[in-house]
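The values are calculated or read from the model by the stated rules, or taken from the named source; none is laboratory data. A quick note: this is a predicted structure, and the numbers were derived from the prediction, not measured. Reconstructed Cβ throughout: ideal geometry from the backbone, glycine too, with neighbour counts over all protein chains shown. With ligands, DNA and RNA removed, areas are computed over all heavy atoms of the protein, side chains included. Shrake-Rupley method; radii C 1.70, N 1.55, O 1.52, S 1.80 Å.
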Amino acid sequence: MKVAVLMGSDSDLETVQGTLDVLKEFGVPCEARVLSAHRTPRELRAYLEKCPAQVFVAAAGGAAHLAGVIAAETIRPVIALPVQGKSLNGLDSLLSMVQMPPGVPVACVGVGASRNAGLLAVQILALSDPSLSAALEKFKQAQAEGVIRKDSALQQKLKK
Ligand code: RP5
C-alpha cells in the first residue's frame, strides 16, 4: 500500500472518487478510510501510528483539519483535498486546509480537485519509481495531444 486516502466523512466519498480513480489508472496500491480529526481523533492517531503509506491524501470539508492533523503526526507528504460542503462554496475547507503554521506544511489542491490530488500523489511516488515516471510522461503527452486536437477542430470550425 503506497497511498492512504483518508476522508473526514463518508459524505466526502463522491469527491474522493476522482483520487481513487487516478490511483487505479496508474496501478498505485492504496486504501481509503473514513477517519475524522474531530469525531474520531484517537482512531486517527492509532491508524497513523501503523500506516505504511508513503503519501497521504486527506479530504475534508468545513472546518477541515484532517490534513493538518495528519501532517502534525508524520514527516511523509500530505496532500489536502478541500471538499465543497453545503455552505461557503468550499472556501471554508480551502482556507482551513491551506493556512498551516510554519513548519507543518501540507500540499493543497483546489476545491474538489480530486484527480489532481491523485496525480500529485503519483508524481511524488514517481520520484523513486521509473515505471510511474514513464506512465506520467505518457499521460502528459496524451493530454497535450487532446488539447492540440481540440485546437485543430476549433481552427477548422472558424474557417467555415
Ligand atoms: C467534515 O464535515 C467532513 O469531512 C465532511 O466534509 C463534513 C460533513 O460531514 P458529515 O456531516 O456529512 O458527516 O468533517
Of the numbered conditions (1) among the small types (G, A, S); (2) away from the ligand (no atom under 16 Å from the Cβ); (3) touching a Leu at 6+ places or on another chain (Cβ under 7 Å), S114 fails exactly one; give the number of that condition. (2)
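Run down E43, E14 and say which single residue is more than 16 Å from the chain's Cα centre (by Cα), open to solvent by 60 Å² or more (accessible area, probe 1.4 Å), over 15 Å from Q123 (Cα atoms) and of a type in the set (D, E). Outline the logic, then answer.
Numbers: E14 fails: more than 16 Å from the chain's Cα centre (by Cα).
One residue alone meets the criteria, E43.
Check G85, G90 and return the single one that is within 13 Å of the ligand (Cβ to nearest atom), out of contact with any Phe, Trp or Tyr (no Cβ under 8 Å at 6 or more places or on another chain) and closer than 14 Å to G8 by Cα.
Details: G90 fails: closer than 14 Å to G8 by Cα.
After applying the criteria, what remains is G85.
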Cβ-Cβ under 7 Å pairs, at least 6 apart or on other chains, segment 136-160 side assigned to a helix (DSSP H, G or I), far side β-branched (V, I, T) and surrounded by 10 or more Cβ atoms within 10 Å (Cβ to Cβ): L136/V122
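Mind counting the residues in segment 28-57 that are closer than 25 Å to L132 by Cα and either near the ligand (Cβ under 9 Å from one of its atoms) or of a type in the set (D, E, K, R) (or both)? Show your work before the answer.
Within segment 28-57, the subset closer than 25 Å to L132 by Cα is 28-33, 51-57.
Those left that are additionally either near the ligand (Cβ under 9 Å from one of its atoms) or of a type in the set (D, E, K, R) (or both): 31, 33.
Matching residues across segment 28-57 total 2.
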Kindly indicate the residue of segment 93-105 that is within 16 Å of the ligand (Cβ to nearest atom) and not small (G, A, S) and also most open to solvent (accessible area, probe 1.4 Å) among those meeting that condition. L95
